[in-house]
1. In terms of modelled amide H atoms, which long-range or inter-chain residues lie less than 5 Å from the amide H of ALA19?
2. If you plug each phi of the stretch 43-60 into the Karplus form 6.51 cos²θ - 1.76 cosθ + 1.60 with θ = phi - 60°, what whole-Hz ³J(HN,Hα) values come out, in order, with x for Gly and Pro?
Amino acid sequence: MLDSINLLAIVNAGEGYNAEFKVSLPSNLKSITEEVCAFANASGGVVLIGVDDKNTIKGTKYIDQWCLCTIKLKAEKR
């Protein structure tokens, strides 16, 4: 689990080999599961939802538990 200090450090460093930012959860879950799998097959990383490409934390209105579970299950199957 990321604490606020580590989260801000990732956001300030920007997207890169170990970090991907999404302003919102994509409607196509395949794209986000591909990101997670790519990190799992490499040296790890984080996908931050609610952060834009300019390293600005925008937040998100709501991500339901079903979406998070689906992403986790799809990532575990690969």
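Read the figures in this text as sums done on the coordinates, not as results from a lab. Please read these numbers as outputs of a predicted model, since none were measured by experiment.
1. The list, which skips near neighbours in sequence, is VAL46.
2. Computed from phi, the couplings for the stretch 43-60 are 9, x, x, 10, 10, 9, 9, x, 10, 8, 6, 9, 6, 9, 6, 9, x, 9 Hz.
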